Structures are given as C-alpha cells and as structure tokens.
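> Okay, here's the structure, questions in a sec.
The values are calculated or read from the model by the stated rules, or taken from the named source; none is laboratory data. What you are looking at is a predicted structure, and each value in this text was computed from that prediction instead of being measured. Glycine gets a Cβ as well: all are built from the backbone with ideal geometry, and neighbour counts include every protein chain shown. Areas reflect the complete protein model, heavy atoms only, side chains present, ligands, DNA and RNA absent. Shrake-Rupley method; radii C 1.70, N 1.55, O 1.52, S 1.80 Å.
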Amino acid sequence: KEIVVENYIVSKTKYNGSELTFLGISRDTNEGKKVESLFYECFEEMALREIKKIIDDLKNKYLIDYFIVVHRIGSVPPGNISLLAIVSSEHRKQSLDGMAEFLDIFKKKVPIWKKEIYTDDSRWLWYKLIKLILKVEKRWK
C-alpha cells in the first residue's frame, strides 16, 4: 500500500519548534543496474518490537515528543516512498540528531529485507538476514 505523507501529519503544538520528515524513496538504479522494483519482506512481530524499542530509547535520549515510522512491505516501484519517519521536538538539534541515529539503527537492526528486481535478474540483499540468523543461533546455544 502506497505511503501518503499527508495521512500522517500530526497537529502542531506551541511547545515543539522542530518537526522533521524523512522519506526513503526507491531508486531506479543500484550498482550500475537498472532496478524495476524493490520487494520488501519482514519478520513483522520482531520488526514492530525492534522499532518500538528504538523509538522509546531515542525519545528519552533526545527528548522527542512524537515519532512516527511507516515502512512499506511488498513491491515498491522506483520513485515511490518505502520509508516515512517523522520526529518532533522542542529544538531542531534534538530532531536532527534523533532522526540520524534512528535511521542508522533502523537499517542495522530492524528485520526488513529487500529484494532488488532488475531488468535481467534479481537479488536479495541478505546482510540483515545473516545477522538475524546469527542472533537467533546465539540464543539457542
């Protein structure tokens, strides 16, 4: 389902002087190959738990008043939004630092995987899946 940014706008307050919106948009090329679409899959229960933990930690660390995160699952054509993140805080530095850290942690820890579909073939970008498998294996030992 397409992400419509206007559907996630939050009422403004007099307290927050900063609201920052990040849009992750799928590109039509990667590593010199023409990308026809991206396909996202996730381990939903774990992804939601991990996103909530990241948000809770960063809200406390940067005094962020609200944090909205939406990620598409399934097929995303080039030029479409795959990730929407909105933060609001009293000062811009809190929003900027919180958003930057969120995006770095999100990419490393949230179990959402991407398959790039090219004009001539496709491939999964497996880095996070390998890390998830190693994490699960350590728990079982």
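> Which links in K52/K108; K59/K109; K1/K107; K61/K114 stretch past 23 Å when you go from one Cα to the other?
K61/K114, as the Cα separations exceed 23 Å there.
> Give me the aspartates and glutamates in straight-line cross-link reach of K33: C-alpha distance below 13 Å, same-chain residues under 8 apart excluded.
Correct list for K33: E116, D120, D121.
> Next question. Under 5 Å between amide H atoms, partner at least 5 residues away or on a different chain: which partners does N30 have, H built in plane at 1.01 Å?
V35
> Could I ask something else about it? Could you order the peptides 92-104, 26-38 from most to least packed, using the average number of other C-beta atoms within 10 Å per residue?
Going by the mean number of other Cβ atoms within 10 Å, highest first, we get 92-104, 26-38.
> If I compute solvent accessible area with a 1.4 Å probe over the protein chains, what percent of it on the stretch 1-138 is carbon and sulfur?
Ligands and nucleic acids excluded, carbon and sulfur give 55 percent.
> Follow-up. Ranked from highest to lowest mean number of other Cβ atoms within 10 Å per residue, what is the order of the peptides 107-117, 51-61, 1-11?
107-117, 51-61, 1-11
> Compute, for the chain, the length of the dipole vector about the Cα centre, with Cβ point charges of +1 (Lys, Arg) and -1 (Asp, Glu) only. Units Debye, rounded to 20.
Dipole of the chain, to the nearest 20 debye: 560 debye.
> Over the chain, average the accessible area per residue using a 1.4 Å probe and give it in Å², no decimals.
On a per-residue basis, the chain sits at 65 Å².
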